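Okay, so here's the structure we're looking at.
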Amino acid sequence: MFLAKVVGSVWATKKTDNLNNLKFLVVHPLNLKKDPLTDVVIVADVLGAGVGETVICAYGHAARKAILPDNPASLSIEAAVVAIVDKIDLDSSKIAE
Amino acid sequence: MFLAKVVGSVWATKKTDNLNNLKFLVVHPLNLKKDPLTDVVIVADVLGAGVGETVICAYGHAARKAILPDNPASLSIEAAVVAIVDKIDLDSSKIAE
Amino acid sequence: MFLAKVVGSVWATKKTDNLNNLKFLVVHPLNLKKDPLTDVVIVADVLGAGVGETVICAYGHAARKAILPDNPASLSIEAAVVAIVDKIDLDSSKIAE
Amino acid sequence: MFLAKVVGSVWATKKTDNLNNLKFLVVHPLNLKKDPLTDVVIVADVLGAGVGETVICAYGHAARKAILPDNPASLSIEAAVVAIVDKIDLDSSKIAE
Amino acid sequence: MFLAKVVGSVWATKKTDNLNNLKFLVVHPLNLKKDPLTDVVIVADVLGAGVGETVICAYGHAARKAILPDNPASLSIEAAVVAIVDKIDLDSSKIAE
């Protein structure tokens, strides 16, 4: 899974039927580089993560299982928020945000 | 999933049988770097995305489920448009296009 | 899926049993960078793609479904040619080759 | 799979139900570059890996099979520790830590 | 799949049960860059690949199918040697080793 910071939302009217009523967030995966974060991933979310929060995201089956536990294979998504981070305990260096 | 800009189409006569009648788009994944976009991904599309539009694309089972919901495993694709973007609400920085 | 240029073949006598009689190509994924192409991917091919041709390749289940449609899960491959490109229509920039 | 060094833990109260009672580690994938390690991956762990230890991590089904062997598809994870490394025998160069 | 050079082995006593008796190699994925190879991937091997040999490796289901053909889903691995390379025929440039 990857750590990411929520930076926004995406709106789409025209989409695959099985995505109706799903919320899509724009997130920046976090790393330890000094450069500003530039990667962008779109993730589905049912936990209610807000802009500025740090989240754990998962890909593939794991993402579908988080969004629709009873019928994951029915979804056309492959990335989702699986947890909202409270605290990160690091040995040394700090995760760049 | 990833955000991308549609920049063109690909045509192929000789292809895997299960890809007949499918449309393939050339897209550039979007990021926040200042450099021109250089990555190229080929995605299947049944939503009718046009050149210049911003789309959300998904990989793997999610892509097949978007293109052929009743029999996704029959397809030899692993990337597809799942939504055409209307609006992106971002906290701060703007997605590079 | 990704666009790639076929640059060669790989030969292997000692291999997983389920790969016998399969042809493996060496391909360079295409992008828009000015630098020479340096990435190398090995893909299975049953379409007869030749050196110098541009192809669409797919990963995972999609690749196995292209090589052995009746029993994809029996194969130890995860990348394959799914189409040989005739023409690429691009809005502006040209795909680097 | 990839080699990684354990550098910390992540705590999350609000998360997908199927992740309750799972431990999540922050790890740095190892490579041979001279630059400090900057990539961050979040992995589930049931082997008890501690900060500073070198581990082998796996993605996808392999990760879920390591964490919950009897029902891997019930988990919303896609990365996990599958082994704690005792020794690495290398021909020449040393893995950067 | 990817081409790689075998550079060593990894030893681990504490590991997921289903990995007992499996051999894990350290490999460098090959590319055409002039820089020394720095990426490290851990792959399972039952073909007997030795240090210095060039191999084709596969990810995911393909890897598990190569290591345990009769029950691939029982394994917590996602990368494996699927062939030991005899010869690479390239149109022009030579694969960096």
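The values are calculated or read from the model by the stated rules, or taken from the named source; none is laboratory data. Just so we're clear, the structure is a prediction, and the values are computed from it rather than from any experiment. Neighbour counts are summed over all protein chains in view; Cβ atoms, including those assigned to glycine, are modelled from backbone coordinates with ideal geometry. We work out accessible area using only protein heavy atoms, side chains counted, and drop any ligands, DNA or RNA first. Shrake-Rupley method; radii C 1.70, N 1.55, O 1.52, S 1.80 Å.
Things worth noting here:
- Scope segment C:50-62; condition of a type in the set (A, V, I, L, M) and either more than 9 Å from the chain's Cα centre (by Cα) or at the interface with another protein chain (Cβ under 8 Å from one of its Cβ atoms) (or both); matching residues: C:Val51, C:Ile56, C:Ala58, C:Ala62
- Total residues in segment C:3-17, condition within 19 Å of E:Leu30 (Cα to Cα) and open to solvent by 50 Å² or more (accessible area, probe 1.4 Å): 2
- Hits in segment C:63-77 - residues which are touching a strand residue (DSSP E or B) at 6+ places or on another chain (Cβ under 9 Å) and either among the β-branched types (Val, Ile, Thr) or within 10 Å of chain B (Cβ to nearest Cβ) (or both): C:Ala63, C:Arg64, C:Lys65, C:Ala66, C:Ile67, C:Ile77
- Among the residues of segment D:1-17, the ones that are more than 7 Å from every other protein chain (Cβ to nearest Cβ) and more than 30 Å from E:Asp45 (Cα to Cα) come to 1 in all.
Yes/no matrix, rows are residues, columns are (1) farther than 19 Å from E:Val10 by Cα; (2) in contact with a Leu (Cβ under 9 Å, 6 or more places away or on another chain); (3) not aliphatic (A, V, I, L, M):
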{"position": "D:Phe2", "(1), (2), (3)": "no, yes, yes"}
{"position": "D:Lys5", "(1), (2), (3)": "no, yes, yes"}
{"position": "D:Lys14", "(1), (2), (3)": "yes, yes, yes"}
{"position": "D:Leu25", "(1), (2), (3)": "yes, no, no"}
{"position": "D:Pro36", "(1), (2), (3)": "yes, yes, yes"}
{"position": "D:Asp86", "(1), (2), (3)": "no, no, yes"}
{"position": "D:Leu90", "(1), (2), (3)": "no, no, no"}
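- One residue stands out among those in segment A:18-35 that are within 7 Å of another protein chain (Cβ to nearest Cβ) and at pLDDT below 95: the one that is surrounded by the fewest Cβ atoms within 10 Å (Cβ to Cβ), which is A:Lys33.
- Filtering segment E:49-67 to residues that are open to solvent by less than 30 Å² (accessible area, probe 1.4 Å) and either at positive phi or at pLDDT below 95 (or both) leaves only E:Gly60.
- Residues (within 7 Å of another protein chain (Cβ to nearest Cβ) and crowded, with 22+ Cβ neighbours inside 10 Å) located in segment E:36-46: E:Val40, E:Ile42
- The set of residues in segment E:68-93 that are open to solvent by less than 20 Å² (accessible area, probe 1.4 Å), touching a residue at least 24 places away in the same chain (Cβ under 8 Å) and under 19 Å from D:Pro69 (Cβ atoms) comprises E:Leu75, E:Ser76, E:Ile77.
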